[in-house]
Each structure stands twice: as structure tokens, then as C-alpha cells.
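Accompanying notes for the structure given below.
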Amino acid sequence: MSTHPWWQTTVIYQIYPRSFQDTTGNGVGDLPGITSRLDYLADTLGVGAIWISPFYKSPMADFGYDVADYTSVDPLFGTMNDFDELLDEVHARGMKLIIDWVPNHSSDEHPWFLESRSSRDNPKRDWYTWRDPKPDGSPPNNWVSAFTGPAWNFDETTGQYYLCTFTTKQADLNWRNPEVQEAMLADLAFWLDRGVDGIRVDVAHFVMKDPELRDNPLVEGEPVLNTKDHGEYDLYQHLHDKGHPHNHGLYRDVRALLDSYQPERFSVGEIYIADWNEWASYYGDLDELHLPFNFSLLWAPWTAQGISEEVNTAEAAIPPGGWPSYVLGNHDNNRIATRFGEEQMPIAAMLLLTLRGVPTLYYGDELGIPERFIPPEQQLDPHGRLLPGAGRDGCRTPMQWDSSAHAGFSPDTAETTWLPLADDWAERNVAQHLDDPHSLLNLYRRLLAYRRSSADLQTADYEQLAAPDGCFAYRRGKLIVALNFTDEVIELPFTGEVELSTYPDAEAHAGRLRAHEGIIVAG
Ligand code: GLC
């Protein structure tokens, strides 16, 4: 029996609920749709946990990341009964369910905010951050929204600005008010009591800000663009509008709540921080978040050297006893198939599923769904509408199940789907991939099955091995993994039996990598 808690040996599969399976024919995915596809996740693919992006009541200004009631299911996605059924069915298949928790901000249509904005002396006024304009009428400080423009919105009724780090329809909660903490943790307990196994914490490091709301200094020299073009946002050093040390007290409280449940409940935080020490601080003394998501592979150069450096740096930054995590795609970034190129998809799969730690697989990446180009004027995503070029619609297109109408995502009767399908859906879909032994989906299935049967891949230490240029090789227990990031043959210094190759043939050899090949060798 493994002595590791379930979350350390699991593989997480992220579902963007609008885009996974529509059962009503309105073109938008729903919870019964997810339930209807659980056999795919549990048996065909073989993942251990599902994380579902928000499905709570919401005006959908940011497609659910603007929550109007934290303890509800939006009718678009179904009912609370649908949720309970989904949870039961997930558990019946031996999987875990992780839900999204959005503490930084609520919708401006949340009853708390409606009260807060109603008058300056409303008891909930201080549940959000309200400030007077500067004498010239401008916002109280220079903070910029992560989606561009001021992070403040003026409210005529009471003549003050409220803080909104994303869209103006997402008002930042004031976590320095103990009543907010109590109400938010009570809403979180609602789901833990229902039996959810864990939470993904949205923009976890944004929650606590400088209490004095000081201006952010400008970046010195050329701004570094981390992930995508944030425009004005990247002109500032974000010293005061997020990342305040008081976040750590908050996550110790969240952890204490999670730890008060049996069996063990889990948390993974969305922490986009380039400074590794600051990033690693969210493990606390292993008493804060179980895992901060590690997004570094999303923006590292896709070369053997670029990727190995990120892995080594992450391994070195993680505190003793801490557990790594890796992400190659999610609902906020361009699809990996488009970023890294189709030929590199097999080694991307092998990398993700053989490193030490918890991999998170974004729905559809197991098929290599490409980014769908959606022109700025047609973007539905608020980020894309505010900042042309930053739109996230292209990675949120419907899941491609088969070659029938709407790729099997919506029933035939549906007129259209909420976003168009990616261009190649008729050939690139689950049904077609299952029939093709060379498909990416079948590689993912082999890798997942191998990982499930291999204690070394699940828990052994990681150690980089010397290898020729273009190859990233590492040891996991008795296993050696070697990945070819180039289109050339690479001779290797290894011997042993090849357990699994990204090429589904009998030609694989421990001493040689073909173009774009990855191998797992029993050394
Ligand atoms: C996170 C989510 C993103 C959302 C933002 C605001 O970054 O992943 O989709 O827009 O938070 O909630």
C-alpha cells in the first residue's frame, strides 16, 4: 500500500464545463454532460481526479469566474441534484472531484455586493474595497486591471470607486474584514460537507493587498512579458496590488479547514509568480496550499535545455517534503499543439506524465486540439475584448468526441455551439483517435496506464541525467526517461529495455532516439 496521500499520485484532468459536453442542445456544456462522459475519463483515459472550472450562478461576464452565489449551480449548467449525481458517479469510479474556488472577487451581482454598493453606511460596505476619487476625480491609485485599464470602477450611487482587479463586473472582496473571511470559508465548507475532494484556488496570490493601497512602481527598463500580452499591466511592478504576506495566514486558515475533514481534502492554487522563492512560499511549512500550480513550462523555451532548466529550478525551489506540479495547458493559455507544434505533442505528453509530481491535463490536449483563431472583434472572452490579441476563446472550443454534427459535443438538434469547433474536428476526435494505434490519445492512454502501474513514476525522486544536446533525460527510480526535442536522430549513452516509446512500434532502442521520440527505459 502506498503511504502517499491520494493527491500526490493522481493525475488531474481539467474540464472547462461550457465546452465538455452539452446535453440540452443550447450549445453550452453542462454538468449532466460531464457525468455522461465519466467512463471516458475513468476507463478510456484513466485519470484520477477531475477539476471543473466554475459552474456557480453567474452573469458570465468572465464565464463563471464572476460568481454571484458561491453555494449554487447556475441553471445553464444544471441543478444541485445534477451536481450531487456527478459527485456520486465520480466517486463510484474511484476518481476525485476538485472544484474551483474564487476568493479574490465576486460578481457585482452577488447579493453581498448589491448591498455593499447600496449606500456608504450599509453593513456590507466594507466587504469590498471602496475609496474616494482623487481630487481630480481620477481613481484612488495607479493599480491596473489584469485585463488592462484601471483596476477601479466609479459608482455613481455613492460617489466612490470600488476595486476590481479583473473586469468591472468582478469586485474584489475585502478579506481584511473578518466577516468576509467567515462567510467565504462557510461557503467553502458547504462544498466540503457535500463531499468534494479538493479545490483549485483562483488567482490565489491576489487576495491580500497592501492595506495602504500604495501605488505600484513602474518596471525599470524593458517589461518582461511572462505569459501573454497583458498590455499596460506589464508596465508595473505588482508590489502592492497582490502577493501581500498576509496571504499566508489566509491559506493556513484554508488548510486548517481542509484538514478538519476526513478523508483528506486537497488544494491547488493558481500562482502565476515568476520569482521561485515567492512562488514556493505558498507551500508554507507544508501547512498552506498542498500545491501551487507550476506554470513555468508554459512560457519556457520548448527546447531540451529550456525545459530541463525549469524542472531543475522547480525541484530546487520546492521545500523539503513539498510535492511538485506541472501544467502544459489550461483555459487561459494558447493550446499546446499550436505552441509547441504537432510533432512535439508525443514528448510533451511523456514529459507531463513522467516528471515527479502532479500533472494537470487540460481537456482536449490528449487529442492535440489546436488553438482556434477567433478574430478580436468576434472574441467573447472579456480579456480578448478589452485587449485585442489576448483573447482566450481559441483554447476553449468544444471537446471533439466524434465526426457527427457538432463533433458529438452538442446534440444534432443544436443550432450552433457557443464557440466554434477547432478546424480539424472531423478527423481529430476521440472516436477516430481510438481507432488509430498511432494517435496521440492512444499514447496518452498507454502513458497513463503505465504511470498507474509504476510506483517509480508516481513517487520516485527525479534526477537529471547527462545526455547529448537536444535530449532531456532523467531518472525516476529504476526508470530512465529520454525525450528528443529535435527532428534529428540522437545517439544515447543508455542501455536497458524500452518499456514505452512514443512511437507505437517495436523499433525503439535505449541507445537511440528517433526524431521527436520519447522513451521510458528500465535501466
Ligand atoms: C484566473 C482564471 C481566469 C479568470 C481570472 C479571474 O486567472 O483562470 O480564467 O479570468 O482568474 O477570475
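Only one of Leu286, Leu257 is more than 16 Å from the ligand (Cβ to nearest atom), outside the structural domain of Ala146 (by TED's automatic domain parsing), of a type in the set (A, V, I, L, M) and outside any helix (DSSP H, G or I); which?
Numbers: Leu257 fails: outside any helix (DSSP H, G or I).
Exactly one residue qualifies, and that residue is Leu286.
Can you tell which of Leu218, Leu298, Leu213 is open to solvent by 40 Å² or more (accessible area, probe 1.4 Å) and aliphatic (A, V, I, L, M)?
Leu218
Only one of (1) touching a helix residue (DSSP H, G or I) at 6+ places or on another chain (Cβ under 9 Å); (2) free of Cβ contacts under 8 Å to residues at least 60 places away in the same chain; (3) of a type outside the set (D, E, K, R); (4) within 16 Å of the ligand (Cβ to nearest atom) is not met by Gly78, so which one is it?
Unmet condition: (4).
Can you find a residue that is more than 16 Å from the chain's Cα centre (by Cα) and assigned to a loop (DSSP other than H, G, I, E, B) anywhere in region 350-366?
Within region 350-366, one or more residues are more than 16 Å from the chain's Cα centre (by Cα) and assigned to a loop (DSSP other than H, G, I, E, B).
Say we look at region 377-396 and pick out the residues that are modelled with pLDDT under 95 and farther than 18 Å from Ala146 by Cβ; which of these is surrounded by the most Cβ atoms within 10 Å (Cβ to Cβ)?
Checked region 377-396; the qualifying residue surrounded by the most Cβ atoms within 10 Å (Cβ to Cβ) is Gln378.
Is it true that Thr10 is closer than 15 Å to Arg445 by Cα and crowded, with 19+ Cβ neighbours inside 10 Å?
yes
Just need a number here: residues in region 81-107 that are assigned to a strand (DSSP E or B), within 16 Å of the ligand (Cβ to nearest atom) and of a type in the set (A, V, I, L, M). Write out each step before concluding.
Residues of region 81-107 that are assigned to a strand (DSSP E or B), as a first pass: 96-101, 105-107.
Going one step further and asking which of them are within 16 Å of the ligand (Cβ to nearest atom), we end up with 98-101, 105-107.
Right, trim to of a type in the set (A, V, I, L, M) and you get 98-99.
Final tally of qualifying residues: 2.
Kindly check whether there is at least one residue in region 333-349 that is touching a residue at least 40 places away in the same chain (Cβ under 8 Å) and within 25 Å of Gly149 (Cβ to Cβ).
Yes, the conditions are met somewhere in region 333-349.
Can Gly149 be described as surrounded by fewer than 20 Cβ atoms within 10 Å (Cβ to Cβ), of a type outside the set (Val, Ile, Thr), within 16 Å of the ligand (Cβ to nearest atom) and farther than 15 Å from His105 by Cα? Explain how you work it out, then say what you get.
On the way: surrounded by fewer than 20 Cβ atoms within 10 Å (Cβ to Cβ): yes; of a type outside the set (Val, Ile, Thr): yes; within 16 Å of the ligand (Cβ to nearest atom): yes; farther than 15 Å from His105 by Cα: yes.
So Gly149 fits the description; yes.
Quick check, is Leu41 modelled with pLDDT of 95 or more and either over 19 Å from Glu366 (Cα atoms) or out of contact with any helix residue (DSSP H, G or I) (no Cβ under 8 Å at 6 or more places or on another chain) (or both)? Don't jump to the end; show me each part of the working.
Numbers: modelled with pLDDT of 95 or more: yes; either over 19 Å from Glu366 (Cα atoms) or out of contact with any helix residue (DSSP H, G or I) (no Cβ under 8 Å at 6 or more places or on another chain) (or both): yes.
It is true that Leu41 is modelled with pLDDT of 95 or more and either over 19 Å from Glu366 (Cα atoms) or out of contact with any helix residue (DSSP H, G or I) (no Cβ under 8 Å at 6 or more places or on another chain) (or both).
Scanning for something under 23 Å from the mean Cα position of the chain (by Cα) and surrounded by fewer than 19 Cβ atoms within 10 Å (Cβ to Cβ), does region 173-186 turn up at least one residue?
Yes; the residues of region 173-186 include at least one that is under 23 Å from the mean Cα position of the chain (by Cα) and surrounded by fewer than 19 Cβ atoms within 10 Å (Cβ to Cβ).
Among the listed residues Asp332, Asp365, identify the single one that is modelled with pLDDT of 95 or more, assigned by TED's automatic domain parsing to the domain that holds Ser53, acidic (Asp, Glu) and open to solvent by 10 Å² or more (accessible area, probe 1.4 Å).
Of Asp332, Asp365, the one residue that is modelled with pLDDT of 95 or more, assigned by TED's automatic domain parsing to the domain that holds Ser53, acidic (Asp, Glu) and open to solvent by 10 Å² or more (accessible area, probe 1.4 Å) is Asp332.
Out of (1) more than 29 Å from Pro123 (Cβ to Cβ); (2) among the acidic types (Asp, Glu); (3) exposed (fewer than 14 other Cβ atoms within 10 Å of the Cβ), the odd one out for Asp193 is which?
(1)
Tell me, which residue of region 273-283 that is part of a loop (DSSP other than H, G, I, E, B) and hydrophobic (A, V, I, L, M, F, W, C) is least open to solvent (accessible area, probe 1.4 Å)?
Among them, the one singled out is Ile273.
Can you confirm whether region 403-412 contains a residue that is within 20 Å of the chain's Cα centre (by Cα), modelled with pLDDT of 95 or more and not hydrophobic (A, V, I, L, M, F, W, C)?
The answer is no; no qualifying residue exists.
Given the residues Asp469, Asp505, which is the only one that is at pLDDT 95 or above and not in a strand (DSSP E or B)? Working first, answer last.
Working: Asp505 fails: at pLDDT 95 or above.
On inspection, the qualifying residue turns out to be Asp469.
What's the total number of residues in region 62-119 that are open to solvent by less than 10 Å² (accessible area, probe 1.4 Å) and among the polar types (S, T, N, Q)?
Adding up the residues that qualify gives 4.
Output the residues belonging to region 38-55 that are more than 20 Å from Leu419 (Cα to Cα) and in a loop (DSSP other than H, G, I, E, B).
To start, the set of residues in region 38-55 that are more than 20 Å from Leu419 (Cα to Cα) comprises 38-51.
Of everything in region 38-55, those that are more than 20 Å from Leu419 (Cα to Cα) and in a loop (DSSP other than H, G, I, E, B) turn out to be Gly46, Val47, Gly48.
Report the residue count in region 441-466 for those that are assigned to a loop (DSSP other than H, G, I, E, B) and over 26 Å from the mean Cα position of the chain (by Cα).
1
The values are calculated or read from the model by the stated rules, or taken from the named source; none is laboratory data. All values reported here derive from a predicted model rather than from experimental measurement. Quick reminder, even Gly has a Cβ in these numbers, built from the backbone with ideal geometry, and neighbours come from all protein chains shown. With ligands, DNA and RNA removed, areas are computed over all heavy atoms of the protein, side chains included. Shrake-Rupley method; radii C 1.70, N 1.55, O 1.52, S 1.80 Å.
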